[in-house]
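**Student:** Take this structure first; my questions come after.
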Amino acid sequence: MLHGKTIYRDIWYDKPPLVAAFHLLPDARPGWPLRIVDALYALLACWIAFGFARAMWSVREGIWAASLAGFFLIFDFPASVIPVGSDLLMLAPHLAAVWLAWKRRPFWCGAMVGVAFWASPKALLVLAVCALWDIGGALWIAAGFAAVCAAGAAWLAAAGALGPYWDEVWRWGRLYAGSPFVAHPLRNGIVRTASWAGFHAAAVAAAAVFLWKPTWKSTSKSTQNSTPSPWNARWKWLAWLAISLAGVALGMRFFPRYYFLLLPVVVMMASRGFTLMGKWSVLAALLLLIPLARFAPSYWTALTDPAWRDTAMDRDSRAAAALTLQLARPGDTLFVWGYRPEIFVYTRMPAGTIYLDSQPLTGVPADRHLTQSEPVERVEPAQRRAALAETQPSFVLDGLGLYNPQLAIGQFADLRQWFAQYREVARSGQTIIYQQVVARGHALR
């Protein structure tokens with residue numbers, strides 16, 4: 001996008017546009033600019049949690065809500081919180097939308113859900129939550145949501161990207177969601193949800209107290225004077241919780257990052273639960289030592305161990321990028337086979353094709369292609385490979401074949417003639433670097 005290309009039309013991308021747009025804020029650069037932007041986003045989520053809980057109850061609950069949100073955005077599953085991806089990017093507008101529904105600002109509530117929708121399709125579940133929390137304003141919620149969605153769709157249509165957006169985000173997303181890759185997805189979901197509850201035991205226990213205790217009334221004088229008593233009805237919280245759990249279960253994958261959909265309602269209920277526990281809240285807070293003890297050492301390892309297992313692929317990508325830059329000349333372009341988008345970030349080279357990874361070209365999603373080779377679609381990948389064969393990127397980096405030889409780029413018969421114009425020039429460990437050769441004399445460009 002920084003090179004002037006339009007998402008979906010010129011770039012095959014299977015996530016909503018705000019995920020990409022968010023990373024334009026630090027100029028799509030790694031390191032401290034990105035870390036600052038990510039930290040500010042996390043603080044925004046904490047601020048919204050604080051404001052929501054304070055308005056509903058008191059400053060005490062607001063502090064608990066912000067503290068719990070901040071804690072679990074740090075000491076949580078590291079692999080799910082390092083990138084601000086689709087699920088995490090929806091967390092802040094999710095909280096804000098339900099807050100606006102509680103305040104009975106239905107149009108702006110719907111508009112905020114619309115913002116969330118351009119970060120994650122699961123915002124449709126947030127829309128259902130907000131409609132239940134403000135049934136009387138449901139039509140205005142729908143109007144606000146439709147307004148933001150229509151504005152985004154109009155931009156995509158004007159850019160010639162609306163059709164590709166539907167194909168890449170929704171059609172591919174349906175195929176992805178409809179193909180669990182574990183043998184017993186329900187059992188996997190039960191185990192992972194129980195594990196999540198265990199690591200979030202402090203918040204879960206406090207939330208349970210909130211649901212059990214009868215003293216729910218708001219301590220905010222402004223709320224008591226302006227808001228009818230049904231606001232704090234138990235069924236609304238249970239509905240929010242149930243819908244969020246359903247969203248986690250969509251696709252039956254139960255990846256850790258999916259639980260960001262569940263975190264807002266648990267944090268909000270827990271903030272009140274801790275206050276209701278009084279002096280016993282100290283004992284419940286000790287349960288925070290579970291995720292602290294589990295995940296704090298990972299951050300120390302990341303800081304001190306240059307050979308840490310969890311960053312092995314990233315280190316390989318950095319090495320592959322460095323080798324490519326040693327060989328590259330101004331104007332050269334890049335294509336990466338596999339799912340290694342960070343290589344584009346580390347090289348800053350423009351993409352030589354519409355495809356930034358091999359998922360649409362093999363039909364095998366990135367959640368399994370390191371070990372499995374069964375595609376979720378068969379006809380369209382061949383058509384896309386034919387389109388790939390019409391391009392001439394300067395470098396082709398295969399970051400998948402050494403992990404899964406069946407999906408190596410050289411294994412596809414319909415790409416062999418095109419791939420014959422490239423020859424291996426370097427390896428970084430798990431990435432093979434191919435450079436285009438001039439047809440006459442086969443000399444490197």
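A short reminder: the numbers here are calculations on the coordinates, not readings from a lab. Everything quoted here is computed from the prediction, not taken from an experiment. When we count neighbours, we look across all protein chains shown, and the Cβ atoms used for this are built from the backbone with ideal geometry, even at glycine.
**Student:** Out of A284, Q359, M313, whose Cα points farthest toward the positive end of the dipole of the chain (charges: +1 Lys, Arg; -1 Asp, Glu; placed on Cβ)?
**Tutor:** The residue sitting most towards the positive pole is A284.
**Student:** Just for the chain, what percent of DSSP beta bridges are antiparallel, to the closest 5?
**Tutor:** Looking only at bridges with both residues in the chain, the antiparallel portion is about 60 percent.
**Student:** How would you rank 267-273, 279-285, 243-249, 39-45, highest first, on the average number of other Cβ atoms within 10 Å across their residues?
**Tutor:** Order by mean packing, descending: 267-273, 243-249, 39-45, 279-285.
**Student:** When you count, for each residue, the other Cβ atoms within 10 Å and take the mean per peptide, how do 102-109, 176-183 rank with the highest first?
**Tutor:** Going by the mean number of other Cβ atoms within 10 Å, highest first, we get 102-109, 176-183.
**Student:** Are there trypsin sites (Lys or Arg not before Pro) in the range 352-413 that DSSP puts in a loop and that have at most 14 other Cβ atoms within 10 Å, and which ones?
**Tutor:** Sparse-neighbourhood loop trypsin sites (Lys or Arg not before Pro): R378.
**Student:** Based on Cβ point charges of +1 for Lys and Arg and -1 for Asp and Glu, what charge dipole magnitude is obtained for the range 311-436 about its Cα centre, in debye rounded to the nearest 20?
**Tutor:** About 280 debye.
**Student:** Please state the relative contact order of the range 311-436 as a whole percent: Cα pairs under 8 Å, 6+ residues apart?
**Tutor:** With pairs under 8 Å counted, the relative contact order is 27 percent.
**Student:** Sticking with this structure for a sec: Count the net charge of all other residues whose Cβ sits under 12 Å from the Cβ of R9, scoring Lys and Arg as +1 and Asp and Glu as -1.
**Tutor:** Residues close to R9 contribute a combined charge of -2.
**Student:** Still on this structure, I have one more. Which semi-axes, in whole Å and largest first, does the equivalent ellipsoid of the range 311-436 have when worked out from the alpha carbon gyration tensor as the square roots of 5 times its eigenvalues?
**Tutor:** Whole-Å semi-axes of the equivalent ellipsoid: 21, 17, 12.
**Student:** Here's something else I'd like to know. Taking only Cα atoms, what is the 0 to 90° angle, nearest 10, from helix 185-199's long axis to the longest principal axis of the chain?
**Tutor:** 60 degrees
**Student:** Something else: Expected output is a single nm value to one decimal: the length gained when fully extending between I135 and A147, i.e. 0.36 nm times separation in residues minus the C-alpha distance. What is it?
**Tutor:** 2.4 nm
**Student:** In addition: Compare the Cα positions of I409, W237, Y434 along the charge dipole of the chain (+1 at Cβ of Lys, Arg; -1 at Cβ of Asp, Glu; about the Cα centre) and return the one farthest towards the positive end.
**Tutor:** The Cα lying farthest towards the positive end belongs to W237.
**Student:** Under a Cβ-Cβ cut-off of 15 Å, what is the net charge of the residues other than M277 that fall near it, where Lys and Arg count +1 and Asp and Glu count -1?
**Tutor:** +3
**Student:** Further, regarding this structure: In terms of modelled amide H atoms, which long-range or inter-chain residues lie less than 5 Å from the amide H of W337?
**Tutor:** Correct list: L397, D398, G399.
**Student:** A further question on this structure: For a bin width of 5 Å, list the pair-distance distribution of the range 88-145 built from all Cα-Cα distances, rounded to whole %.
**Tutor:** Spelled out bin by bin, the range 88-145 gives 5, 28, 38, 21, 7, 1 percent.
**Student:** Tell me, what HN-Hα J-couplings in whole Hz come from the Karplus equation 6.51 cos²θ - 1.76 cosθ + 1.60 at θ = phi - 60° for each residue of the range 400-411, using x for Gly and Pro?
**Tutor:** Going residue by residue, I get 10, x, 6, 7, 9, x, 5, 10, 4, 4, x, 7 Hz, with x marking Gly and Pro.
**Student:** For the range 323-422, which chymotrypsin sites (Phe, Trp or Tyr not before Pro) are in a loop by DSSP, counting at most 16 other Cβ atoms within 10 Å?
**Tutor:** Taking the range 323-422 and a limit of 16 other Cβ atoms within 10 Å, the loop chymotrypsin sites (Phe, Trp or Tyr not before Pro) found are Y403.
**Student:** Same structure, new question: Compute the angle between helix 123-133 and the longest alpha-carbon principal axis of the chain, please, reported from 0 to 90 degrees and rounded to the nearest 10.
**Tutor:** So the helix axis and the longest Cα principal axis differ by about 10 degrees.
**Student:** For the chain, what are the per-bin percents of Cα-Cα distances with bins 20 Å wide, up to the bin holding the maximum?
**Tutor:** 23, 52, 22, 3, 0
**Student:** Helix 91-102 versus the longest principal axis of the chain: what is the Cα-based angle in degrees, 0 to 90, to the nearest 10?
**Tutor:** 30 degrees
**Student:** With +1 on each Lys and Arg Cβ and -1 on each Asp and Glu Cβ, and nothing else charged, work out how big the dipole of the chain is about its Cα centre, in Debye to the nearest 20.
**Tutor:** 1040 debye
**Student:** Count charges around S120 for me, please; just the other residues with Cβ under 11 Å from its Cβ, Lys/Arg as +1, Asp/Glu as -1.
**Tutor:** +2
**Student:** Sticking with this structure for a sec: What distance in nm lies between label points placed 7 Å from Cα along the C-beta direction at V182 and W308?
**Tutor:** 2.4 nm
**Student:** Now a separate question. What order, most packed first, do the peptides 56-69, 296-309 have when packing is the mean number of other Cβ atoms within 10 Å of each residue?
**Tutor:** Ranked by mean Cβ neighbours within 10 Å, highest first: 56-69, 296-309.
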